[in-house]
Amino acid sequence: MARTVSRLYDNYADAQRSVNALETAGFTSSEIGLVSRYRDDETLAETSSGTAAGAAAGAVIGGGTGLLAALGVIAIPGIGPLVAAGVLATTLVGAAGGGAVGGLLGSLTDYGVSEEDAHLYSEAVRRGSSLVTVRADDDRAAQAEAILDANRPVNTRERRDAYIATGWSKYDPTSKGYTAEEIRQERERYLRR
């Protein structure tokens, strides 16, 4: 039986290392997913002028190897432009094209992430974190977890508590994605904890 293992990363390079390590361990692009508001550590968040960098749905970015070479930019309502690769890119392109409400949230739950976690992950991506998922058979799930845990993932319990302390209860697909400055300020808050 297969299950989905997911981790959030505040540093895009940590997410990239996780994807590379999963591929080296033999996981395929049909098992791995990556979604982020970053491309090569450059945020795709809206700039102060209000324009978005690279918002063409499905545009291939290139760079990297393996799964990371196939990153595409997808515009998601409520979050803005995202880079996505692997299985999550496929479901997000369908959600963006179909105008699905809460495209990322729905894609995650369809992929086997619990609704509670999908709300947290969607909110974290909206606020600038990167999400890596891998669908693994029970006999390989522990290996996937070890790989993801080796690259400094976010402590999701602490992050959920921090969001709740500010009045957050669930992901709102009508909320705008954080700007680059808001992402920077949020990261500074977490570093002080």
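The values are calculated or read from the model by the stated rules, or taken from the named source; none is laboratory data. What you are looking at is a predicted structure, and each value in this text was computed from that prediction instead of being measured. Backbone-built Cβ (ideal geometry, glycine too); neighbour counts: all protein chains shown.
Which residue pairs have Cβ atoms under 9 Å apart, sit 6 or more places apart or on different chains, and have a first residue in the range 148-166 that is farther than 19 Å from Asp14 by Cα and a second that is not in a helix (DSSP H, G or I)?
Sorted first by the residue in the range 148-166, then by its partner, the pairs are Arg160/Trp168; Ala162/Trp168; Ala162/Arg193; Tyr163/Arg127; Tyr163/Ser169.
Filter the range 73-113 down to the residues that are modelled with pLDDT of 65 or more and on the phi > 0 side of the Ramachandran plot and list them by number.
Listed by number, the residues that qualify are Gly80, Gly86, Gly112.
Name the single residue that is modelled with the highest pLDDT among those in the range 114-146 being farther than 25 Å from Glu182 by Cβ and buried (at least 23 other Cβ atoms within 10 Å of the Cβ).
Ala144
Condition check: among the aromatic types (Phe, Trp, Tyr) and buried (at least 21 other Cβ atoms within 10 Å of the Cβ). Does Tyr171 satisfy that?
yes
Residues are listed down the side, and each one gets a yes or a no for (1) in a loop (DSSP other than H, G, I, E, B); (2) at pLDDT 85 or above; (3) of a type outside the set (S, T, N, Q); (4) buried (at least 22 other Cβ atoms within 10 Å of the Cβ):
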position	(1), (2), (3), (4)
Thr4	no, yes, no, no
Arg7	no, yes, yes, yes
Ala13	no, yes, yes, no
Thr28	yes, yes, no, no
Gly50	yes, no, yes, no
Gly64	yes, no, yes, no
Ala69	no, no, yes, no
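Being surrounded by fewer than 16 Cβ atoms within 10 Å (Cβ to Cβ) and at pLDDT below 90 narrows it down to one residue among Arg157, Arg189; which is it?
Arg189
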